[in-house]
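A.B. asks: A single structure is presented below for examination.
Each reported figure results from applying straightforward, stated rules to the coordinates on display, with no laboratory input. All values reported here derive from a predicted model rather than from experimental measurement. Reconstructed Cβ throughout: ideal geometry from the backbone, glycine too, with neighbour counts over all protein chains shown.
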């Protein structure tokens, strides 16, 4: 009965928004130059302030408010105020004028978000570098090659077009290379060959490396209106190729090996660990240089007073001593400074990451429970606590947390999504039932199974970060030294960051396809977090995901070095492993 009352009190708390005013301060800069007289306003209110000559500002806001930063000729930045938001140092960027829609205006016009959700079931949609085009509403001619006509008989895209696409002239072969010319498309003086748009990447040369079996859809753009976005390069027409790998992320959260389908070659230019260690804070350099544990303890005590209000100092010290098997001393450091972490979800999550990495799962669970109390409307709180219960062997509580999240989602108390954290929660709840179902339901039988979340071939990577303001780029380099970059920055992915704050999550999963085994490298380019303190990244690597032999490895990385590409870790991906 007590649990039932607590549950309904939680539901009620999700429906009540308490106005809590706070002052947000910071600086606005552009290429490290302070911006004076920039306008900062609270959207849907009359609150407006301007920056001082040094770019500084202070503004009163409430949790949930959206702060808008604007300056002539620079991109407007909008940031949602969270419970922990106090300092926002914003770097403005040059305004780039571009179309956010590529479909023709009209009564049946749909947004890119709507088209993305419709993509898996609508064969008349094709993804281009400029957005998703709809054959039915586009003003230009778009010819599709039906999915059922894409077979393994052809050796490459040239064979496929030659055999299946009337009106397209193909020259050359799959060995020596060749190209495509499209009837009716030519310049005033000569016929041009078509270019290729492969999952949003533009190629002048024919992408012979793409096997027809890997292709999801093909479309040929031949009219001026449909190729205008490509400029003069598209004068000979455009062959658009959506691969099965490249389209996995459309309408879902899956992201597999996009690196292998692109001609971007890794140049071995990421900094290694030795170079990174040259840029550590002084106190960490001193700790790592100490010749004994006793000297390291003296260095810690010497700096403790100086950093007494800096949670990251004690996190770094804890990690150092735990890594050197000084468990009792490390735990005492945290116990003495726990007041810095309590009631602060960002710092609590960072500490929870470190505890998980060092096997202190029971203590980590206590922190995730505290974060859940502080953030009951955050989807991440449910997922983190459910996985923490699972880690300590309380499988029923873990399943109960997932069920609670699902109930609140269905009742509209929490916001749903299709590409953010929801697929992560669904995948992990399915994984729990698949591997621990007999411990969740005593004597029961589980019949509900979602194969898309339990049957995989590869390695699953889950990235989590403690600070929602953290901006970074992840670079995945495959065994063939091609790379794919995922950008978590306001400049490249502002809508994603907005969605994270609205729904309350800070994680992303990646699926490394088992069809390309070997050593993968994962690099990081950290851009900062609008505060003068580090962020922390938790990476969980899952091997044999969904099988009885499933294993995982947890690592935590301190993100402090900014604007350089450096190595995080290498990953041995085996075709015999499975994940998602």
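A.B. asks: Please order 338, 490 by the number of other Cβ within 10 Å, starting at the fewest.
C.D. replies: Details: 338 13, 490 23.
Listing 338, 490 from fewest to most nearby Cβ atoms yields 338, 490.
A.B. asks: If the chain between residue 304 and residue 272 were fully stretched, how many nm would it gain, using 0.36 nm times the residue separation less the Cα-Cα distance?
C.D. replies: Working: separation 32, 0.36 × 32 = 11.52 nm, distance 2.94 nm.
This chain segment gains 8.6 nm when fully extended.
A.B. asks: A further question follows. List the extent of the Cα atoms of segment 21-91 along each of their three principal axes, largest first, rounded to whole Å.
C.D. replies: For segment 21-91, the Cα spread along each principal axis is 29, 21, 17 Å.
A.B. asks: Quick one: order 400, 468, 549, 111 by neighbouring beta-carbon count within 10 Å, fewest to most.
C.D. replies: 549, 111, 400, 468
A.B. asks: Quick one: compute the contact order of segment 347-417, relative version, from alpha carbon pairs under 8 angstrom and 6+ residues apart, as a percent. Please report the intermediate quantities before stating the final value.
C.D. replies: Working: 65 pairs, mean separation 15.4, N = 71.
Reported relative contact order: 22 percent.
A.B. asks: May I ask you to order 68-76, 45-53 by the average number of other C-beta atoms within 10 Å around their residues, highest value first?
C.D. replies: Values: 68-76: 14.8, 45-53: 13.0.
With the highest mean Cβ count within 10 Å placed first, the list reads 68-76, 45-53.
A.B. asks: I would also like to ask the following. Where the convex hull is taken over the Cα atoms of segment 522-567, what is its projected area averaged over directions, in nm²?
C.D. replies: Numbers: hull surface 15.5 nm².
The directionally averaged projection comes out at 3.9 nm².
A.B. asks: Separate question: Taking Cα pairs under 8 Å and at least six residues apart, what relative contact order does segment 112-251 come out at, in percent?
C.D. replies: Details: 273 pairs, mean separation 40.8, N = 140.
Dividing the mean separation by the residue count of segment 112-251 yields 29 percent.
A.B. asks: Is segment 112-251 best put as rounded, prolate or oblate by its Cα gyration tensor, with a ≥ b ≥ c the root eigenvalues, rounded for a/c under 1.5, and otherwise prolate when a/b is larger than b/c, oblate when not?
C.D. replies: Working: a/c = 1.74, a/b = 1.14, b/c = 1.52.
Oblate.
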